Amino acid sequence: MSAAAPGATPSYYIPQPSHWPITGSIALLLMGSGAAFWFNQYPAGHWMVAVGFAVLLYMLFGWFGTVIGESQGRLYSKKVDLSFRWSMSWFIFSEVMFFAAFFGALFYIRNISVPDLGSLSSKLLWPNYAAQWPTEGPYLTAPFTPMGAIGIPLINTLLLLTSGVTLTIAHHALKAGNRGSLKLWLFLTILLGVTFLGFQAYEYYHLHHEYNLKLSTGVYGSTFYMLTGFHGVHVAVGATMLIVMFGRVLKGHFDAEHHFAFEAAAWYWHFVDVVWLLLFVLVYWMV
Amino acid sequence: MSSIPHDHAHDGHGHDDHAHHPTGIMRWVTTTNHKDIGTMYLLFSLGMFFVGGVLALTIRTELFQPGMQVVHPEFFNSLTTLHGLIMIFGAIMPAAVGFANWMIPMMIGAPDMAFARMNNWSFWLLPPAAIMLIGSFFVPGGAAAGGWTLYPPLSVQAGMGTDLTIFAIHIMGASSIMGSINIITTILNMRAPGMTLMKMPMFVWTWLITAYLLIAVMPVLAGAVTMLLTDRHFGTSFFNAAGGGDPVLFQHVFWFFGHPEVYIMILPSFGIVSEIIPTFARKPLFGYASMVYAVASIAILSFIVWAHHMFTVGLPAAGLLFFMYATMLIAVPTGVKVFNWLATMWRGSMTFETPMLFSVGFLFLFTMGGFTGLVLAITPVDIQLQDTYYVVAHFHYVLVAGSLFAFFAGAYYWLPKWTGTMYDETLGKWHFWAAMITFNITFFPMHFLGLAGMPRRIPDYAQQFTDWNMVATVGAFGFGISQLIFVWVLIKCMRGDGAKAPAKPWEGADTLEWTLPSPAPYHSFETPPVIK
């Protein structure tokens, strides 16, 4: 619909009826109920999750494809662009709060629950428990080695920090209309992100097989893997966004004025970067 | 609501987008229209209200007499758990979002919501979540039975019904976050020229702040239930002392979500009432700016009071004192609101149509619920009353007579705008008085039961509690039946059975939606109105 003169970019954009939302809902119904069946050892569960995930991917391709088409068709005005900016900011805020729940849990466990397990009253139950971080709790006793900050985590910190710089250079190249430089620096950013994920996977493998550090290694294992794992998933999502942006750059999308999708992906990437710095300090360094 | 003429906006404008609108069921499945989506939210919420109501009446049937009467204790636990989850996530929250969808674009002079397609997804995520919640009754082990708060260790030990609940909460959380981002963006970016923030209707203000709360706390709930899931199936020890964790950790994370959630459920109701009372008192809202600041203060305070739900878990004394005083502080902005509503009515030319009746009923009963909240905020008193029927009475006064009554008020207030037909005033008044009286018969005795020591969430009780339980059960059935009057009113309006509504049926109303014809056109404001 249009609130402006014919031919001008409308200030509002209201999309046509769409079947993508209901497709996504069916996908999540299959995935959610399928996972419940799967985790309780019912045979069809993992198939439901697999089918649901395939439907979800189909929906994401279709929906984002539609949005990209609309954007290329110049259907989005300045006002719509501002809406996108608000919404991406609030989405990132919601992600911040998701991580806050897990960082809060880490804080509580380190400062309250573990010291309490070493208190006088708990000595009645577990007289030999030292209650020092890192810990797998008073009851589990499989020896493990904690993960320090030097080594892969430090390399990964440098990788992510560098990727933030390369992405900013790519953004400046985009604004300056320098497409060759944009492609090079965006590609480098993706490469750094994927390398980060590779190192992270290697670190996990190493921890499982040599350090005997698992998700089930008490609260230390729980907080370590859940925090770094969710961060890793977010890096993967951010890298996927950047790969899509790279594909769009190759197809000639974006110009110096219209490139909010690129900026949104960049914001997300910087957010993931900041979460990593917190992880590096609070999970790896202060072990 | 098939009585709405959908092609209303055709006249004079080139609306080629109407040409390929699907019809029939697919119209509702694929719609990107804020009014269609608002209608679906409201009808879904009404449906869930009756599902949750049936669960509640089964609980009341079991509690009619002491001893085990109708259901097994395990099933009773599932009933209380799912009654809470369905009423909160299925009835109250979607109703509030339904009002937001219908009213915010009209009140700020926008054509629709900022993200119309995502708006559709926010709604259509709810039916899958409802299927999973209700379906969990039929899986082996039955539905989740650890209470709607899902406290470990019960929720860690329970069967797959709890997993379905966890995933349903994830999906409903995604729905709420998307809905809230949409609402915030709409309010911040789509207001008509000249409508500054401090000229917005109070309903829009309350939803702006509610949406902020939702975005801040729904991810925290997602984190809490995710930790529950990994504790259940993947060997983590977040809530397991043997592995170094702590069940109380769940309560902290849960109530960091849960207390703002309480205000998420009541703030939109405050907004609705703040629209209705000035209209029927024929005076502007008293202390508009202080109302805005009060809502904002309530929202901020809601983040630092969560542990008042946990006074009996063994917090240090400093913690008990802090959370007691912080909780009592909330009475200050809430009192500002109550006094402003009263001052709005003071010397107004009041009439008492159904929306006003429900609003005054809200004001009276919500304030009572607020007072019992103050009683419960006092730590030593709460230690006595924790998990008794006094708490049940308290939160039903604020959620049923608070949120729900305000939603009924809003429904009667805006039904003429939504359907183009005036509701039946006689039936509306019957609905109000029936609901008002039966509500109090149901929940007022629960104060006595709680003070006398009757615990909640238990299917049996000592004999001395019998009389008031019988009274409560009779009241509950009366309350349930009186809601059928509302369904009758609604059907009459939707069928166009009643007087035709003028654009502005309430002479005292002055918000923008009343400048549109009734029923409101498919797209609200094609050209933004200019606000002076």
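A Cβ distance below 8 Å, combined with a sequence gap of six or more or placement on separate chains, defines the contacts here; from the range B:374-386, residues that are farther than 18 Å from B:A452 by Cβ reach residues that are part of a helix (DSSP H, G or I) and β-branched (V, I, T) in the pairs B:A377/B:T327. Scanning the range A:254-282 for residues that are without any contact (Cβ under 8 Å) to a residue 24 or more places away in the chain and in a helix (DSSP H, G or I) yields a total of 2.
Name the residue that is surrounded by the fewest Cβ atoms within 10 Å (Cβ to Cβ), counting only residues in the range B:472-502 that are among the small types (G, A, S) and more than 27 Å from B:F444 (Cα to Cα). Spell out how you get there, then give the answer.
We begin by selecting, within the range B:472-502, every residue among the small types (G, A, S); these are B:472, B:475-476, B:478, B:480, B:482, B:496, B:498-499, B:501.
Still in the running and more than 27 Å from B:F444 (Cα to Cα): B:496, B:498-499, B:501.
Numbers: B:G496: 14, B:G498: 19, B:A499: 12, B:A501: 20.
Among them, the one singled out is B:A499.
Just need a number here: residues in the range B:132-153 that are over 20 Å from the mean Cα position of the chain (by Cα), surrounded by fewer than 24 Cβ atoms within 10 Å (Cβ to Cβ) and either free of Cβ contacts under 8 Å to residues at least 60 places away in the same chain or closer than 25 Å to B:I177 by Cα (or both). Result for the range B:132-153: 7. Residues in the range A:52-77 that are touching a residue at least 60 places away in the same chain (Cβ under 8 Å), more than 19 Å from the chain's Cα centre (by Cα) and outside any loop (DSSP other than H, G, I, E, B): 3 in all.
Do we have B:L43 as within 25 Å of B:G141 (Cα to Cα), among the aliphatic types (A, V, I, L, M) and away from chain A (no Cβ under 14 Å) here? Taking the combined requirement at face value, the residue does not satisfy it. Here A:W86 fulfils each of the conditions (1) facing another protein chain (nearest Cβ under 10 Å); (2) touching a residue at least 60 places away in the same chain (Cβ under 8 Å) apart from (2).
Let's see how each residue does on (1) under 23 Å from the mean Cα position of the chain (by Cα); (2) at pLDDT below 95; (3) of a type in the set (S, T, N, Q):
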site	(1), (2), (3)
B:Q251	yes, no, yes
B:F257	yes, no, no
B:Y263	yes, no, no
B:P268	yes, no, no
B:S274	yes, no, yes
B:F280	no, no, no
B:M291	yes, no, no
B:V295	yes, no, no
B:F303	yes, no, no
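Of all the listed residues (A:M59, A:M31), the sole one being at the interface with another protein chain (Cβ under 10 Å from one of its Cβ atoms), touching a helix residue (DSSP H, G or I) at 6+ places or on another chain (Cβ under 8 Å), under 30 Å from B:V156 (Cα atoms) and crowded, with 20+ Cβ neighbours inside 10 Å is A:M31. Annotation note: of B:L214, B:L221, the sole residue that is of a type in the set (A, V, I, L, M), within 24 Å of the chain's Cα centre (by Cα), within 30 Å of B:P355 (Cβ to Cβ) and within 14 Å of chain A (Cβ to nearest Cβ) is B:L214.
Taking A:F102 as the residue in question, decide whether it is of a type outside the set (A, V, I, L, M), at the interface with chain B (Cβ under 10 Å from one of its Cβ atoms) and assigned to a helix (DSSP H, G or I). Please lay out each step first, then the result.
Details: of a type outside the set (A, V, I, L, M): yes; at the interface with chain B (Cβ under 10 Å from one of its Cβ atoms): yes; assigned to a helix (DSSP H, G or I): yes.
For A:F102, the condition - of a type outside the set (A, V, I, L, M), at the interface with chain B (Cβ under 10 Å from one of its Cβ atoms) and assigned to a helix (DSSP H, G or I) - is met.
Looking at the range B:448-461, can you tell me whether even one residue there is at positive phi and touching a Ser or Thr at 6+ places or on another chain (Cβ under 7 Å)? Before the answer, list the steps.
Step one: of the range B:448-461, the residues at positive phi are B:453, B:457.
Adding the requirement that they be touching a Ser or Thr at 6+ places or on another chain (Cβ under 7 Å) leaves B:453, B:457.
Yes, there is a match, as at least one residue in the range B:448-461 is at positive phi and touching a Ser or Thr at 6+ places or on another chain (Cβ under 7 Å).
Look at the range B:40-99 and say how many of its residues are outside any helix (DSSP H, G or I), of a type in the set (S, T, N, Q) and at pLDDT 95 or above. The total comes to 1.
The residue list B:E261, B:E275 contains one member that is within 14 Å of chain A (Cβ to nearest Cβ) and either assigned to a helix (DSSP H, G or I) or in contact with a helix residue (DSSP H, G or I) (Cβ under 7 Å, 6 or more places away or on another chain) (or both), which is B:E261. Quick one: in the range A:242-253, of everything that is part of a helix (DSSP H, G or I) and without any contact (Cβ under 8 Å) to a residue 60 or more places away in the chain, which residue is farthest from A:S71 (Cα to Cα)? Among those residues, the one meeting the criterion is A:I243. Scanning the range A:101-149 for residues that are among the β-branched types (V, I, T), surrounded by fewer than 17 Cβ atoms within 10 Å (Cβ to Cβ) and closer than 25 Å to A:L278 by Cα turns up A:I112, A:T145.
Per the listing B:Y325, B:Y288, B:Y293, the residue uniquely away from chain A (no Cβ under 12 Å), free of Cβ contacts under 8 Å to residues at least 12 places away in the same chain and among the hydroxyl-bearing types (S, T, Y) is B:Y325. Checked against (1) aliphatic (A, V, I, L, M); (2) crowded, with 21+ Cβ neighbours inside 10 Å; (3) in contact with a Lys or Arg (Cβ under 8 Å, 6 or more places away or on another chain), B:M350 meets all criteria but (2). Selection of the range A:208-225 for residues being touching a residue at least 60 places away in the same chain (Cβ under 8 Å) and buried (at least 22 other Cβ atoms within 10 Å of the Cβ) yields A:L213, A:T217, A:G218, A:V219, A:Y220, A:G221, A:T223, A:F224.
The values are calculated or read from the model by the stated rules, or taken from the named source; none is laboratory data. Note that the structure is a prediction, hence the values are computed from the model and not measured. Glycine gets a Cβ as well: all are built from the backbone with ideal geometry, and neighbour counts include every protein chain shown.
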